[in-house]
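Below: the structure, in structure tokens.
The values are calculated or read from the model by the stated rules, or taken from the named source; none is laboratory data. Here the structure is a predicted model, which is why all the values come from computation and not from measurement. FYI the Cβ positions are ideal-geometry reconstructions off the backbone, even for glycines, and counts take in every protein chain you see. Heavy atoms of the whole protein, side chains included, go into the accessibility calculation; ligands, DNA and RNA do not. Shrake-Rupley method; radii C 1.70, N 1.55, O 1.52, S 1.80 Å.
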Amino acid sequence: MSGRFYSNSGETGHIAEEEFLGTCRVCWDGKGYVNYRDAMNMARDNQTDNPSAPRLSGARMLHGAVARELKIADSKQLKLYTAVGTPLDLIHGVDAWFEFEGIVITIDVTMKEQKDRAKANVVVHLQDVANDFEFSAKDIADAFHWMKQPAITAPPLTFGKERKSYVPVSM
């Protein structure tokens, strides 16, 4: 990849993901289904980089931008794991994920400017490198904040004193 402008490099998406996030040491023949949890554990257990302090410049920039957006005093508390080339990527559409305070936010890295939906929680556009990943970091931080919110629970159903239980009405 040439320079910091991935969209002009002519690289394919998978190569761009590898150069941006790195790869895992996973031996998988591509046959058969691997469930989500096992795929994530496979990727987590086979990292080639330090998730708390990525060495690759793109991953390091994104990690730092998210740490700043979350206002984390010690950025080593935030972890960025790559899943490029693993079943988590190839089956489940997750290129990488962040972990912070027990919360996981998955990301899909893309060179497609028009892509706005994915299986992952957040789409990271490599073109955002020109903005030091300001937009992507905000999206990821927003996802962390949203995941911290307590679940919304509906009030219990009440039917009045005359009804002891719900009885469906037949049509």
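General observations
- A 1.4 Å probe, protein heavy atoms only, puts the accessible area of Thr106 near 10 Å².
- Segment 37-96: trypsin sites (Lys or Arg not before Pro) in DSSP coil with no more than 16 other Cβ atoms inside 10 Å: Arg55, Lys71
- Met147 accessible area, 1.4 Å probe, all protein chains in place, Å² to nearest 10: 90
- Glu113 accessible area, 1.4 Å probe, all protein chains in place, Å² to nearest 10: 140
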